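Below: the structure, in structure tokens.
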Amino acid sequence: MNTPQTATLLIGSAKPIGDSTSEALGGYLMQRLADYGLTGETHHVARAMRSEARTAGLLAAVDRSDLFVLAFPLYVDSLPYLTVQALERIAAHRQAQENARPVRFVAIANCGFPEAHHNDTALAICRQFAAAAGLEWTGGLSMGAGTPFGGKPLEEAGGMARGVIAALDLTATALAKGDTVPDEAVAIMAKPFMPIRGYTLMGGMGWRMEGWRNGVYRQLRARPFANQSD
């Protein structure tokens, strides 16, 4: 297996630059790949799909890369619409080429649910995309409870990012050698960084705080349309 020299990261979150967990995860992996000598570039899906010229720039970046990395948030049980649209364009672009460049593909999914397995369907979609686009599926990482990270660099996230960093370090080492995502990295990334009961407790507190901030604290359980008929 040839070792990769170039990598392209597509951030599948439409949040502003610097505000997403996807960017924190993908950005850290790209930094570690750079430590191994890979040159890379980053594209944000909201910008890449805004015009044909920018979409063409993304397609060209994938064409010249040895490794394509996608970091995205879970939307219900799938990928965000713009991310799906970007993947469809990449697949169609590569299918139209007689001799498309060999490119390896890895996906990093994160969700707000405490259990990482909610990302399973989305990662299966990524694997199917790889087959349709003629990319070599290198593996996927799945993280739950990603909301607290926001766009904060993982190095600044404290102890809760320890396992995430370890998983990405293992992944970067493997990818730089031309290997697939290690099973150990997958297991570490999927492990909750806090007890699920504690996470749901904190989530409930955050929900009540938002209700108080928006003046609807006493209406959080309201069901205004429950008893209305057509």
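Between ARG218 and GLN85, the C-beta separation translates, for a Förster distance of 35 Å, into a calculated FRET efficiency of about 0.30. Most fluctuating residue of ALA122, ALA91, ALA131 in a GNM of the chain with Cα springs under 10 Å: which is it? Largest GNM mean-square fluctuation: ALA131. Sort out the exposed loop GluC sites (Glu not before Pro) in the chain (DSSP loop, at most 15 other Cβ within 10 Å) and tell me the longest stretch that has none. It runs 116-230. Couplings 3J(HN,Hα) for region 178-187, derived from phi with the Karplus relation 6.51 cos²θ - 1.76 cosθ + 1.60 (θ = phi - 60°), are x, 8, 8, 4, x, 4, 4, 5, 4, 5 Hz, where x marks Gly and Pro. Counting only alpha carbon atoms, the long axis of helix 162-176 and the longest principal axis of the chain meet at about 20°.
In whole angstrom, the chain maps to an equivalent ellipsoid with semi-axes of 33, 22, 15, each derived as √(5λ) from the alpha carbon gyration tensor and ordered largest first. Express in whole angstrom the spacing between the alpha-carbon centres of region 100-149 and region 73-98. Taking the Cα centre of region 73-98 as reference, the centre of region 100-149 is 12 Å away.
For region 1-55, applying the loop criterion from DSSP together with a ceiling of 13 other beta carbons within 10 Å to the trypsin sites (Lys or Arg not before Pro) yields ARG50. Shown is the FRET efficiency for ARG197 and ARG127, computed with R0 = 41 Å from the Cβ-Cβ distance and rounded to the nearest 0.05: 0.80.
Karplus-derived 3J(HN,Hα) values for region 32-38, using 6.51 cos²θ - 1.76 cosθ + 1.60 with θ = phi - 60°, are 5, 5, 5, 4, 8, x, 6 Hz; glycine and proline are entered as x.
Every number here is computed from the coordinates shown, using simple stated rules; none is lab data. A quick note: this is a predicted structure, and the numbers were derived from the prediction, not measured. Virtual Cβ from ideal backbone geometry, glycine too; neighbours counted across all protein chains shown.
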